[in-house]
Amino acid sequence: MRADVEKLIDSILDEADCIDDLIDVMREQREAMRQRDTEAVNSLMDEARDISFEVQTHENIRSEIAKKLAAAFSCEPKVSSLLSIMQDYEREEFKKAADKLAQSVFLLKSEIMILSGLIDQNEKYTSMLLSEWRRINGDTLSQSAADFRG
């Protein structure tokens, strides 16, 4: 396998693995939320942030390698274009890596949607609780004021 193609495949797999690590942390975070373990949630948020930076780094590396390879072969730095310039044995490995990355991204998007839903739900419940708290406090204050006047 040509070195530049191998570097691209390795960078794709590195990015997919890093995204998979992020997915695992997000799932752990969701479980910690269920258990109301604030310390674990905060720790996992920090870990997720660190892994997110790693994912961005791997994405940049993959993008640069793809651009260099595309420039060398006068094609676009897209999977379909890069596949066209590869030899059969490279093509198969590249397709597997690209499919793995696509699957990892799909799973990450799913986890993000789940977390977003939980955050929205939490926001609604918090708003309801605050509203009820204000209502109760308002009633208490009204009754207290009436007691002072009477």
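Structure values in brief
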quantity: Estimated [θ] at 222 nm from DSSP helical runs (n ≥ 4, -39500 (n - 2.57)) normalised by residues in the chain, nearest 500; calculated: -33000 deg cm²/dmol
quantity: Gaussian network model of the chain, Cα within-10 Å springs - most flexible of GLN29, GLN56, GLN87; calculated: GLN87
quantity: Residues of type aspartates and glutamates that LYS95 reaches as a straight line, Cα spacing below 14 Å, ignoring anything fewer than 8 places off in the same chain; calculated: GLU6, ASP10
quantity: Dipole magnitude of the chain about its Cα centre (Cβ charges: Lys, Arg +1; Asp, Glu -1), debye to nearest 20; calculated: 680
quantity: From phi via Karplus (6.51, -1.76, 1.60), per-residue ³J(HN,Hα) for the range 100-114 in Hz, x at Gly/Pro; calculated: 4, 5, 4, 5, 4, 5, 4, 5, 4, 4, 5, 5, 5, 5, 4
quantity: Unsatisfied cross-links (Cα-Cα over 18 Å) in the set LYS7/LYS100; LYS68/LYS109; LYS7/LYS68; calculated: LYS68/LYS109
quantity: Per-residue HN-Hα couplings for the range 76-86 [Karplus 6.51, -1.76, 1.60; θ = phi - 60°; Hz; x = Gly/Pro]; calculated: 7, x, 10, 4, 4, 5, 5, 4, 5, 9, 8
quantity: Distance from the range 5-46 to the range 84-110 (C-alpha centre basis), Å; calculated: 20
quantity: Selection from LEU22, SER84, ASN42 lying farthest towards where the dipole of the range 1-112 points positive, charges on Cβ; calculated: SER84
quantity: By accessible area with a 1.4 Å probe, ligands and nucleic acids excluded, highest first: order of ARG91, ARG30, ARG36, ARG135; calculated: ARG36, ARG135, ARG91, ARG30
quantity: Cubic angstrom per residue, convex hull over Cα atoms of the range 1-110; calculated: 83
quantity: Paramagnetic reach from ALA72 in the range 1-39 [backbone N under 16 Å; point 7 Å along Cα→Cβ]; calculated: 1-12
quantity: Net charge of Cβ neighbours under 14 Å - reference LEU108; Lys, Arg +1; Asp, Glu -1; calculated: -4
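The values are calculated or read from the model by the stated rules, or taken from the named source; none is laboratory data. Being a predicted model, the structure only gives us computed values, none of them experimental. When we count neighbours, we look across all protein chains shown, and the Cβ atoms used for this are built from the backbone with ideal geometry, even at glycine. Protein only, heavy atoms only, side chains kept; ligands, DNA and RNA dropped before computing areas. Shrake-Rupley method; radii C 1.70, N 1.55, O 1.52, S 1.80 Å.
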